[in-house]
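Laboratory data are not the source of any read-out in this text; all were calculated from the coordinates shown. This structure is a prediction, so every number in the text was calculated from the model and none was measured. With ideal geometry, Cβ positions are generated from the backbone for all residues, glycine too; neighbour counts draw on all protein chains shown.
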Amino acid sequence: MMKKLTYPLLIGLMAVVLTACGSNDEAKKANDEEKTKTAQTEQQKQEKQMEEMQKKLDKQKIDEKKTVAIVNNKKILGSDYNDILLSSQMQMQQMGQDPTSEEAAKQVKKQTIDTLVGQTLLLQDADKKGYKASDSEIEKELAETKKQFKDDKKFKAAMKEAGINMTELKKQISQNIIYKNYLDKEIPIQKVTDKEIEDYYNQSVKKESNNTQETPKLADVKPQIKQQLEQQKIQQNVGKQVEELKKNSTVEVKV
């Protein structure tokens, strides 16, 4: 599913292939058959668990036409909420947490609403300040998106799977360009110092390492730490910008 302010199209495919090697040796054949049967049973078990998890995740969705929030007279619908909800759920799962637990569900809901409201406020401010996406910029990003697919047929199939047409895709690409340009020019960039990198290394990297895991050298992980700290600072500054915009805005959450 396409997510607002998130592109290119991401289509996840998961396939499990089970193969059994034939042999004239009856004992080996029986053993192979038993292994295959065990693998199939395990696969079925995993598939059932995934189906049950997906049902629980789907219960967190909201009716697509329902108004979940109003930001400066602009309605945010359930369809927008569900797109961001998927990202919130995936982020929590990547952190090894269960997004379907009662406490986590509340956290996911708040995170989704906060993201939607924040993005809406930022785009509204970008519009007021005259940020635009040119046709050439949109076409360039569209071409980059298409490159991820083997051919045009695969690209159109992904579009159909995501339930989106070309007009809607170009609109989302346009919003992404405006959003990125706005952040680049309006959100101050704070330099990450060597001391901050070293402090993070001492407090986190060394702490996470254990006796069975050799602690990486600072020089080896410095680029990754710097990038992570830069992202954290950007997120903090974006949050501050949203809070400033809220002071002169009307935000009404309906769910």
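Within the same chain, aspartates and glutamates fewer than 8 places from Lys153 are excluded, and of the rest, those with a Cα less than 13 Å from its Cα are Glu161. Using a ≥ b ≥ c from the Cα gyration tensor of segment 101-255 (square roots of the eigenvalues), is it rounded, prolate or oblate, where a/c under 1.5 gives rounded and otherwise the larger of a/b and b/c decides, a/b for prolate? Judged from the Cα gyration tensor, segment 101-255 comes out prolate (a/c at least 1.5, a/b above b/c). With Cα atoms defining each centre, segment 213-255 and segment 47-73 are spaced 26 Å apart in the structure. Longer than 20 Å from Cα to Cα, which of Lys140/Lys170; Lys185/Lys240; Lys128/Lys254; Lys147/Lys226; Lys55/Lys171; Lys129/Lys233 are they? Say none if no pair is. Exceeds cut-off: Lys128/Lys254; Lys147/Lys226; Lys55/Lys171; Lys129/Lys233.
Lys and Arg at +1, Asp and Glu at -1: add these up for the other residues within a Cβ distance under 11 Å of Val242 and post the number. After counting each charged neighbour, the total is -1.
Under the classification rounded if a/c is under 1.5, otherwise prolate if a/b is larger than b/c and oblate if not, where does segment 92-158 fall, given a ≥ b ≥ c as square roots of the Cα gyration tensor eigenvalues?
Here segment 92-158 falls in the oblate category.
Among 117-129, 76-88, what's the highest-first ranking by average C-beta atoms within 10 angstrom per residue? Don't skip to the end; give the middle numbers.
Details: 117-129: 17.5, 76-88: 20.5.
Going from most to least packed, we get 76-88, 117-129.
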